[in-house]
Each structure stands twice: as C-alpha cells, then as structure tokens.
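Engineer: To start, I am sharing the structure in question, which I have written as structure tokens.
Nothing in this text is a laboratory measurement; each read-out follows from the coordinates by a stated rule. If you're wondering where the values come from, they're calculated on a predicted model, not measured in any experiment. All Cβ positions, even for glycine, are placed from backbone atoms using ideal geometry, and neighbour counts span all protein chains on display.
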Amino acid sequence: MKTDVPIFGVLTQPFTSNPESPNKFGAFDQVSGDPLKGTFIMMSHVKYLEAAGARIVPISYRLDKNGLVNLLSQVNGIYIPGDHPEILKNERYLNTVREILFWSQDHNTAGDHFPLIGVSYGYLAVMMQALKLENTVQSVAQEET
C-alpha cells in the first residue's frame, strides 16, 4: 500500500556502556527474545520526526543482518541518533551502522532514494564507517609551489 507519509526507521542505542565485541570468529552472539530489550530511543528524536510528518519504526541495533535488511526494505529512510559517546565503543552498534551504510549506498546508487540521517554521535558513527569503507581521506591543504 502506497502512502504519502514517510515511514522512518530509528536506530536504537544501547542502554549500558558495556562494550559488545564479536567472538573470535567475528560474529556477535544471537539475541534471544525481543531485540529491542536493552536498547532505547530518546523521545525527542521521535517527536522531531513526527513533527515533520513521519511515522516511526524502531530498528534495533542488535538485529542480525537478515532482520535488519528486512526492516530497512520496509521503511523510506533511517535516522541514526547518538546521544552519548559510549556508542562509538560498541562494536555491535558500529557494525549495524556499517550494514545500514552499505544498504543505503547500494540503493541510492541504484537510483532508489533512501535517506540516511545521522545526528550527533550517530553522525560520527556513520562517518567512522564511511572512512573505513572508502579509505579515501585526503588532505585539503594546498601544496606550496
């Protein structure tokens, strides 16, 4: 069903500052039960998007890749908040941001408009993953001749 009201996913954040790192095989532990448990979204982000006319769907950073892609394919864009610097130490959170960045980039390159909005430390998380993705950071200083 088509709608003129945008449906935006909002990435959840971890409650605790306990770092989540992958095991020795590079995989994260499976989440049993509700993937939203132990995560949060500040209400100010929801109210901001709703004031702009969007409907909101929470997207847990703890989802596996298939669950994440399934939800991303059902929304019109994603909003990545970042309310504290500890999220930049959480490898699981950063891994999810990287997967979202890949997914968004693939769809935007193919001509499907999929906005990705990063705010505060969420923006820094996106930029950290973009720099890893491309490795094309270059100095903007002009060489003197």
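Engineer: With a ≥ b ≥ c taken as the square roots of the eigenvalues of the C-alpha gyration tensor of region 7-134, please select rounded if a/c is under 1.5 and otherwise prolate if a/b is larger than b/c or oblate if it is not?
Structural biologist: Rounded is the answer for region 7-134, as its axis ratio a/c remains below 1.5.
Engineer: Where Lys and Arg each count +1 and Asp and Glu each count -1, what net charge lies around S120 among other residues with Cβ under 14 Å from its Cβ?
Structural biologist: Taking every Cβ under 14 Å from that of S120, the sum is -2.
Engineer: Right, another one. Peptides 36-49, 56-69, 102-115: what's the order by average Cβ count within 10 Å, highest mean first?
Structural biologist: Averaged packing, sorted descending, gives the order 56-69, 36-49, 102-115.
Engineer: Right, next: Report the full-extension gain for the segment F40 to D4: residue separation times 0.36 nm, less the Cα-Cα distance, to one decimal in nm.
Structural biologist: 10.2 nm
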